[in-house]
Structures are given as C-alpha cells and as structure tokens.
Amino acid sequence: MYLSHFIKILDKELRSSLEIKVLNLLNLSPLSKSEIASALGKKKPSRYLNELMRKLINGKQVIYTIPDKPQSSLQKYCLTKKGRTMIEGQRDE
C-alpha cells in the first residue's frame, strides 16, 4: 500500500520535472517531438513525452506550428503565453 502510494508520488514528480524541462526547451525555439526527445537525451519520444505533449496542448501551454495538420512530419511545438507564465512561476519558487 505504501509502496504504490510512493510510486504514484514519484511518477508525478518525474512528470512535472519533465514538463518543466520541455517548457524550458520550447522557450528557446519551436521544436519537433524528436528534437525534444534528443535534447532530453533520449533516442526517440517516449510514451511519457507523448502523453505530456498532449497534456500541454490540451492545457494551452503549447501549440502546434502547423495547427491544421497535427500529424505532419514537419510538425513542431511552440510555447504559448500561458506556457511562459508557468516557467516564470517556477523560477519564482
């Protein structure tokens, strides 16, 4: 019981840490999911990264650079004003 609770907390911390890293990368320039994965030291986008990108898009922190074609091989992601605000809030803590 305690172990499963601990794993859930750790998983949440890892995701929020990954979220901040992704937002900071996108603050520098628009990037594809593969470029984000590479910058994080991964060979290809992981399931967690795919889920995180969906969450950030649904939360309006990140937008597509080609909104009409979300599956385009040229697709990149860029930070919104809301995403920049999240980064600034992290720096203040």
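Here are some notes:
- Pairs, first in contact (Cβ under 8 Å) with a residue 40 or more places away in the chain in the stretch 45-60, second exposed (fewer than 15 other Cβ atoms within 10 Å of the Cβ) and hydrophobic (A, V, I, L, M, F, W, C), C-beta under 7 Å, six or more apart: none
- One residue stands out among those in the stretch 73-93 that are of a type in the set (A, V, I, L, M, F, W, C) and not in a loop (DSSP other than H, G, I, E, B): the one that is surrounded by the most Cβ atoms within 10 Å (Cβ to Cβ), which is 79.
- Taking the stretch 33-72 as the range and being open to solvent by less than 40 Å² (accessible area, probe 1.4 Å), out of contact with any Asp or Glu (no Cβ under 8 Å at 6 or more places or on another chain) and part of a helix (DSSP H, G or I) as the test, the residues that pass are 36, 37, 49, 53, 57.
- Restricting 16, 32 to residues that are under 13 Å from the mean Cα position of the chain (by Cα) and at pLDDT below 90 narrows the list to 16.
The values are calculated or read from the model by the stated rules, or taken from the named source; none is laboratory data. Everything numeric here is computed off the predicted structure, so don't read it as measured data. All Cβ positions, glycine included, derive from the backbone under ideal geometry; neighbour counts span all protein chains shown. These accessible areas exclude ligands, DNA and RNA; they are computed on the full protein's heavy atoms, side chains included. Shrake-Rupley method; radii C 1.70, N 1.55, O 1.52, S 1.80 Å.
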